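Structure, as structure tokens:
What follows draws every value from the coordinates through simple rules; no lab data is involved. These numbers were taken from a predicted model, which means no experiment stands behind them. Every residue, glycine as well, gets a Cβ built from its backbone with ideal geometry; the counts of neighbours run over all protein chains shown.
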Amino acid sequence: MKATIAVLAGDGVGQEIVPEAVKLLKAVGERFHHTFEFVEGLVGGQAIDRVGVPLPDETLALAQKSDAVLLGAVGGPKWEGLEYKLRPERALLGLRERLGLFANLRPAKLYPMLADASTLKREVIEGIDLLVVRELTGGIYFGMPKGIEKTAEGERGVNTEVYTTPEITRIAKVAFEAARKRRRKVTSVDKANVLESSELWRRVVSQVHRDYPDVELSHMYVDNCAMQLIRNPRQFDVLVTTNLFGDILSDEAAMLTGSIGMLPSASVGTKTGMYEPIHGSAPDIAGKNLANPIATIASAAMLLAYQLRLDKEADAVEQAIVKTLEQGYRTKDIQGVGTKLVGTKEMGDTILKNLAK
Ligand code: NAD
């Protein structure tokens, strides 16, 4: 197959981790006889420094023309004083909006050899393998009316949670399709006992479910879900939820498994998807060959599976990561007793070597 991948390394550790993931994708192309073309673009602070805006038109056009975007991270102290609309982080919102990325997928999977890196007990987290599907372009972050207005007593702040049938239908489909590639179990998370928007959410998810009789569906209130994720996270396969609930629950789920340097994500819409680690630009360790590249390499594996439908190839990358961890190689963030400490580049090289085997 032929595919064009837009490579937006961005700021801080993005410049170190993205080349490692590209290296792996090139090797996958060679080993499985695919032609991947990589086109680089400026984004975030790098783009501000060079052309004055966080998301230049050329970068957006490049992303729109590509089959997928591989993104590192944006932001850093250098740009923190800028006015909000010129900040590096605006580039993420711009890409999400312009690429129509309405679903954010975050897997949280525990690599058994890293069980001790979690803050929870081994017996609670062993075997965790779940996927949070978060609606990304609707809900309370975008609903109208919103704003802060003056009142006789002081001020009044308003945000509005809105969901429509088409918005719920498309995100539910993403969740059911994802479940078909996994253990065929979807938990839809809402607050239908209080919110009308959640009542509709629950009804529409149940309707969409009729087309997926091979997938089990259950509904859970968000407060219970927050508790169940800590109490018994193994019960979950795919969780599907709104923008706000997903924002919170996906961070909670992600941290069950240990380091932020291990966790990938995918944002998908109708065409070009965006694949990136969940962490930021880590300015405290940038440029020191300390960053863990696994989250970005695992994001590249998601790109192969979700965007290009290359499941075998994605699996090969996953296996290479597992093998490298089994061999005891660790970056500083996941270092443990008796392990071999390596830097960003050495971790990438070792995974590459294991992919070739
Ligand atoms: P961060 O995720 O960059 O870092 C938090 C902590 O995790 C730091 O101690 C960092 O060293 C560590 N860390 C992060 N990635 C790591 C990796 N791959 N390996 C090892 N350790 C890692 O969050 P922050 O410090 O709050 O934010 C820094 C900048 O990144 C800010 O400008 C923020 O706005 C931006 N940010 C960008 C994104 C994105 O591009 N998607 C996401 C979050 C934050």
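Restricting to the stretch 129-256, what percent of DSSP beta bridges are antiparallel, rounded to 5?
20 percent
Of His33, His279, how do they rank once you tally other Cβ atoms within 10 Å and put the fewest first?
Arranged by neighbour count, lowest to highest, His33, His279 become His33, His279.
In whole angstrom, and with the biggest value first, how far do the Cα coordinates of the chain range along each principal axis?
Extents along the principal axes: 60, 48, 41 Å.
Restricting attention to the stretch 107-196, which GluC sites (Glu not before Pro) occupy a DSSP loop and are surrounded by at most 10 other Cβ atoms within 10 Å?
The qualifying sites are Glu153.
Can you compute the FRET efficiency between Lys85 and Arg170 using 1/(1 + (r/R0)^6), with r the Cβ-Cβ distance and R0 = 35 Å? Round to the nearest 0.05.
0.80
Give the cross-link partners of Lys357 among the lysines, using a straight C-alpha distance below 17 Å as the criterion and excluding same-chain residues fewer than 8 apart.
Lys23, Lys26, Lys312, Lys323
Using modelled amide H (1.01 Å from N, peptide plane; none on Pro or chain starts), what sits under 5 Å from the amide H of Val39, excluding residues fewer than 5 places away?
Under 5 Å from the amide H of Val39 lie the amide H atoms of Ile5, Ala6, Val7, each far enough along the sequence or on another chain.
As an exercise, use a Förster radius of 41 Å and the Cβ-Cβ distance of Arg122 and Glu196 to find the FRET efficiency, rounded to the nearest 0.05.
0.45
Report P(r) for the stretch 1-42: all Cα-Cα distances, bin width 10 Å, range 0 to the bin holding the largest distance, values in whole percent.
Going out from 0 Å in 10 Å bins, the stretch 1-42 shows 29, 51, 18, 1 percent.
Report for the stretch 1-155 the percent antiparallel among DSSP-assigned beta bridges with both residues inside it, nearest 5.
The antiparallel fraction comes to roughly 40 percent.
Averaging sequence separations of C-alpha pairs under 8 Å and six or more residues apart, then dividing by the length of the chain, give the relative contact order as a whole percent.
For the chain, the relative contact order is 22 percent.
Determine the principal axes of the Cα atoms in the stretch 129-256, then give the extent along each, sorted from largest to smallest and rounded to whole angstroms.
55, 31, 23
In terms of modelled amide H atoms, which long-range or inter-chain residues lie less than 5 Å from the amide H of Lys185?
For Lys185, whose amide H was placed from the backbone, the distant partners under 5 Å are Glu216, Val238.
Quick one: of the DSSP bridges fully inside the chain, what percent are antiparallel, nearest 5?
Within the chain, antiparallel bridges account for around 40 percent of the total.
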